[in-house]
Amino acid sequence: SSCEIPGIAGIATVSSAPYPDPTQYEKKSEYFDPKSTKDSPRWILVDVKFERDLKRYLPLDEIRTIKGLEAMRL
């Protein structure tokens with residue numbers, strides 16, 4: 001979402017259960033969230049494991065032209 005042309009560059013898998021982002025509690029962190037508490041965290045993470053690069057970058061506009069992937073959520 002923060003790139004000029006959104007798309008897919010590689011494949012990864014989720015490798016952990018969700019857990020609270022510890023930086024939301026650190027006052028010196030740029031990600032500190034004063035509304036977040038240990039009992040009610042606002043930011044949740046998962047770890048991801050790199051699987052492989054694609055042979056080329058696949059832009060979102062092209063993905064949407066592939067039959068069966070038109071409504072794929074990215």
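The values are calculated or read from the model by the stated rules, or taken from the named source; none is laboratory data. In this text the structure is predicted, and so the values were computed from the model without any measurement. When we count neighbours, we look across all protein chains shown, and the Cβ atoms used for this are built from the backbone with ideal geometry, even at glycine. Please note that ligands, DNA and RNA were not included when accessible areas were found on the heavy atoms of the full protein model with its side chains. Shrake-Rupley method; radii C 1.70, N 1.55, O 1.52, S 1.80 Å.
A few points about this structure:
A quick yes/no check of all residues on (1) more than 13 Å from the chain's Cα centre (by Cα); (2) of a type outside the set (Ser, Thr, Tyr):
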position: SER16; (1), (2): yes, no
position: PRO22; (1), (2): yes, yes
position: PRO34; (1), (2): yes, yes
position: VAL46; (1), (2): no, yes
position: LEU58; (1), (2): yes, yes
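- Filtered residues of the stretch 33-74 (kept if open to solvent by less than 70 Å² (accessible area, probe 1.4 Å), among the small types (Gly, Ala, Ser) and at pLDDT below 95): GLY68
- Within the stretch 1-10, considering residues that are open to solvent by 80 Å² or more (accessible area, probe 1.4 Å) and of a type outside the set (Val, Ile, Thr), the one nearest to LEU69 (Cα to Cα): SER1
- Of everything listed in (1) surrounded by 11 or more Cβ atoms within 10 Å (Cβ to Cβ); (2) among the β-branched types (Val, Ile, Thr); (3) not in a loop (DSSP other than H, G, I, E, B), the single unmet condition for THR13 is (1).
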